[in-house]
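Asker: Quick one: structure below, then a few questions.
Any read-out appearing in this document is the output of simple, stated calculations on the displayed coordinates, not a laboratory observation. Since we're looking at a predicted model, the values are computed, not measured. Note: ideal-geometry Cβ built from the backbone for every residue, glycine included; neighbour counts use all protein chains shown.
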Amino acid sequence: MKSIRKSRNRFIVLSLAIPVILLLMFVVYPSVDLVAMSFTSWDGISPHRDFVGVGNYVDMFTKSPDLWLSLRNNFIYLAVHMVMIPIELSIAVMLNTKFKGTGLVKTIAFLPFIINGVGMSYAFSYFFSPVNGAFNDILTSLGLSSWIQSWLSDPKVVNFVLASVSAWRFSGYHIVLFSTGLTSIPTEVMEAARIDGANAWQQLWRIQLPSIWLVFSFVMFDCIRGTLQCFDIPFIMTNGGPGYASSTFTLYTIDTAFKYNSFGMAATMAVAIMVIVILVYLFQNVVLKKVFRQ
Amino acid sequence: MNLDKLKRILILCVKYLVSAVIIAAVIGPLLVTLFTSVKTQVQLGNTSAILPPALGEWTWDNYAEVLGAKLLPDAFKNTGIILVISIFFNVLFGSVTAYCLQRFEFRFKKLIMGCFYLGMMVPTFVVEIARFKVIQSIGLYNTLGAPIIIYVASDLMQLYLYMQFVSKIPKALDESALIDGCGYFRIFYRIIFPLLMPATATVIIIKIVNIVNDMYVPYLYMPKTKLKTLTTFLMNYAGAQQGSWPTLAAAIVVVLIPTVVLYLIFHKQITEGLSAGATKE
């Protein structure tokens, strides 16, 4: 018995050693270092870091208007994604009614989620381009040419355009998630409800929605986390411009570090994102689950 | 009775209409890119963007130009190397780590689990601000080693998948092998790992998609022109095209094709693998 325990322990240590060391070096240490860095004015190059206390945190709130403009843009993405949720849910309910071709629709709807984000972003840059752009051509052919705008350079519309591209990318994923949730409801339950005379609307509100509550909360929090960290679509399509009009919190943070070499300040912003993401995660997994169980 | 039938047909029509709209919304922008990629610069100006050029007037010159690009072979090679090495270690470490964490109780287990959870939660892009220095200080900056080690160390979706699979393997299997005098390494490699094959297949496919599509890690850590991946090749190429949409569109198509083909073949594994985390938490 003792030798088994010994060989078991040897197995665990040998198996976990490398993955844990890698994790410590490339995930845990950088995360901790990010927090340490946020209290300094480090420029990314010099060998020593000057401690500035909570200076960066104060500056973040008082002297970085463009950061808050960027955060507002994140909320535009979030709003667009939230508007999409009921639509995605309705589509999932529809696809769950089993008619010919639902598999094909789901397969195609999911496609944008696995498509190369950079390729897709360039494709949409052209789609919305002011010269020969497909979107303007569509509007023209529908007789709506008066709606034509500078989709990617007008600060008033650019974020909505980018957020729609983001919605294009993630909606199919959400549809498939909702649909998987709906399929996992036992057919007997739905059958019983139907026999008891529940109409489609009652089935939806009384059985389907409550059963997929977990998926629903996952999608919602995935939207919050995803839009908060939104980066590649604006990075490729507008690089945050014009000015900072279409920047996002993450884009602004990354620029602060790698473009302006203010690693200390950027670390402070990174900590802010990290704290929000972890709070959202805890709220979802601890608070909501407790409430839900009761 | 007849009214009922009419209603049913009407509802079915609405369903197909909605389905058609969804398909058009997804395929439309991709078709536009495809059409653009077979146009000449002149055709681009005088045909509508949503229509292909007239039959017989399609040009393949844009593709010839993209496929002849000096950096493209390197991009394929680099992407291939990164894929093979990182996925090999992702599978190896992912399966054995999941097995240990799922099966055994040991000291520091909670702490180690906590670290892995942290790894899954840490915001992806901004953590590079601190990771950058680590990569530089161990001399991996501007080498293929940078993305490889980052994917192996911090891309942890496989853990979740493997843990779900391990929990479905009956413990009695390990125990009877143990009684037969099998060591733990043999149990893992001879019994557990083969049973994890379906999970491994899903992990491999999803990792290919994720790594091929990743932009920021190769962009940040490998600025050297020789070290472009497919995605950063596209960024580089787009920068050099300055407004020549037809050639850029051809480059987009070339870069999109590998993952799209993979998806069309393995769409079941990919959708199931990527939605596993959401539906059974």
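Asker: Based on the alpha-carbon gyration tensor of segment B:166-217 and its eigenvalue square roots a ≥ b ≥ c, which shape applies: rounded if a/c is under 1.5, prolate if not and a/b is larger than b/c, or oblate? Intermediate values should be presented prior to the final figure.
Answerer: On the way: a/c = 4.27, a/b = 3.07, b/c = 1.39.
The shape class here is prolate.
Asker: Please name whichever of B:L67, B:N78, B:G183 sits farthest to the positive end of the charge dipole of chain B, dipole taken about the Cα centre and charges placed at Cβ: Lys and Arg +1, Asp and Glu -1.
Answerer: B:G183
Asker: Given B:K133/B:K224; B:K70/B:K228; B:K70/B:K224, which pairs have Cα atoms separated by over 22 Å?
Answerer: Values: B:K133/B:K224 18 Å; B:K70/B:K228 11 Å; B:K70/B:K224 14 Å.
The pairs that break the limit, which is 22 Å between Cα atoms, do not exist here.
Asker: Another one. Using the Cα gyration tensor of segment A:143-294, with a ≥ b ≥ c the square roots of its eigenvalues, what is the shape: rounded (a/c below 1.5), prolate (a/b larger than b/c) or oblate (neither)? Walk me through the intermediate numbers first.
Answerer: Numbers: a/c = 3.97, a/b = 1.66, b/c = 2.39.
It is oblate, given that a/c is not under 1.5 and a/b is not larger than b/c.
Asker: Here's something else I'd like to know. Say each of A:V83 and A:F61 gets a label point 7 Å from the Cα, pointing the same way as Cα to Cβ; how far apart are those two points in nm?
Answerer: Output for this residue pair reads 3.3 nm.
Asker: Now for a different question. Compute the length gained on full extension between B:R8 and B:R107: take 0.36 nm times their separation in residues and subtract their Cα-Cα distance, giving the result in nm to one decimal.
Answerer: Details: separation 99, 0.36 × 99 = 35.64 nm, distance 6.21 nm.
In short, 29.4 nm is gained.
Asker: Take every Cα pair under 8 Å in chain B that's 6+ residues apart, average their separations, divide by the length, and report that relative contact order as a whole percent. Please list the in-between numbers first.
Answerer: Working: 228 pairs, mean separation 83.4, N = 281.
Once divided by the residue count of chain B, the mean separation gives 30 percent.
Asker: Under the classification rounded if a/c is under 1.5, otherwise prolate if a/b is larger than b/c and oblate if not, where does segment B:73-279 fall, given a ≥ b ≥ c as square roots of the Cα gyration tensor eigenvalues?
Answerer: Values: a/c = 2.49, a/b = 1.79, b/c = 1.39.
Prolate.
Asker: Still on this structure, I have one more. Could you check the spin-label model distance between A:L142 and B:F88? Points 7 Å from the Cα along Cα→Cβ, value in nm.
Answerer: 5.2 nm
Asker: Now for a separate question. Say a paramagnetic label sat at a point 7 Å from the Cα of B:Q164, along Cα to Cβ; which residues of segment A:278-292 have their backbone N under 19 Å from it?
Answerer: A:285
Asker: Same structure again: Run the numbers on segment B:2-59 and let me know its relative contact order in percent, using alpha-carbon pairs under 8 Å that are six or more apart. Display every interim value, and only then the final one.
Answerer: Details: 24 pairs, mean separation 15.9, N = 58.
Contact order relative to length: 27 percent.
Asker: Which FRET efficiency value, to the nearest 0.05, do you get for A:K156 and B:I27 by plugging their Cβ-Cβ distance into 1/(1 + (r/R0)^6) with R0 = 25 Å? Don't skip to the end; give the middle numbers.
Answerer: Values: r = 29 Å, r/R0 = 1.18.
For R0 = 25 Å, the calculated efficiency reads 0.25.
Asker: Around A:T40, which amide H atoms from residues at least 5 apart in sequence, or from another chain, sit under 5 Å from its own amide H, with H modelled in the peptide plane?
Answerer: A:V52
Asker: With r as the distance between the Cβ atoms of A:T183 and A:Q149 and R0 = 30 Å, compute the FRET efficiency 1/(1 + (r/R0)^6) and round to 0.05.
Answerer: On the way: r = 41 Å, r/R0 = 1.36.
Calculated value: 0.15.
Asker: Averaging sequence separations of C-alpha pairs under 8 Å and six or more residues apart, then dividing by the length of chain A, give the relative contact order as a whole percent. All intermediate terms of the calculation are to be shown ahead of the outcome.
Answerer: Values: 287 pairs, mean separation 88.2, N = 294.
Once normalised by length, the contact order is 30 percent.
Asker: Can you tell which of B:T229, B:L274, B:S244 lies farthest toward the positive end of the dipole of segment B:73-279, using +1 and -1 charges on the Cβ of basic and acidic side chains (Lys, Arg; Asp, Glu)?
Answerer: Positive-most Cα among the choices belongs to B:T229.
Asker: Test of understanding: what is the full-extension gain from B:A20 to B:S244, defined as 0.36 nm times their sequence separation minus their Cα-Cα distance? Present the calculation step by step, with values, prior to reporting the outcome.
Answerer: Working: separation 224, 0.36 × 224 = 80.64 nm, distance 3.18 nm.
Result: 77.5 nm gained on full extension.
Asker: So if I place +1 on the C-beta of Lys and Arg and -1 on the C-beta of Asp and Glu, and nothing else carries charge, what would the dipole magnitude of segment B:146-252 be about its Cα centre? I want it in debye, nearest 20. Kindly include the intermediate steps, with their values, before the conclusion.
Answerer: Numbers: 8 positive and 5 negative charges, 55 e Å.
It comes to approximately 260 debye.
Asker: If you stretched the chain out fully between A:I4 and A:V32, how much longer would it get, using 0.36 nm times the residue separation minus the C-alpha to C-alpha distance? Walk me through the numbers on the way to the answer.
Answerer: Numbers: separation 28, 0.36 × 28 = 10.08 nm, distance 3.75 nm.
Here the segment from A:I4 to A:V32 would lengthen by 6.3 nm.
Asker: Quick check: Cα centre of segment B:86-124 to Cα centre of segment B:214-256, how many Å?
Answerer: Segment B:86-124 and segment B:214-256 have Cα centres spaced 33 Å from each other.
Asker: Average projected area of the Cα convex hull of the protein assembly as shown, in nm²?
Answerer: The orientation-averaged projected area of the Cα hull of the protein assembly as shown comes to 32.3 nm².
Asker: Further, regarding this structure: Which whole-Hz couplings ³J(HN,Hα) result when phi for each residue of segment B:94-108 is put into the Karplus expression 6.51 cos²θ - 1.76 cosθ + 1.60, θ = phi - 60°, listed in order with x for Gly and Pro?
Answerer: Per residue, the Karplus-derived 3J(HN,Hα) values read x, 5, 6, 5, 4, 4, 4, 5, 7, 9, 10, 9, 8, 5, 6 Hz.
Asker: Suppose every K and R has +1 on its Cβ and every D and E has -1 on its Cβ; what is the size of the dipole of chain A about the Cα centre, in Debye to the nearest 20?
Answerer: Numbers: 20 positive and 14 negative charges, 275 e Å.
Result for chain A is approximately 1320 debye, rounded to the nearest 20.
Asker: Next question. Dipole of the protein assembly as shown, Cα-centred, from +1 at each Lys and Arg C-beta and -1 at each Asp and Glu C-beta, to the nearest 20 debye? Don't skip to the end; give the middle numbers.
Answerer: Working: 43 positive and 28 negative charges, 358 e Å.
Using only the charged Cβ atoms, the result is roughly 1720 debye.
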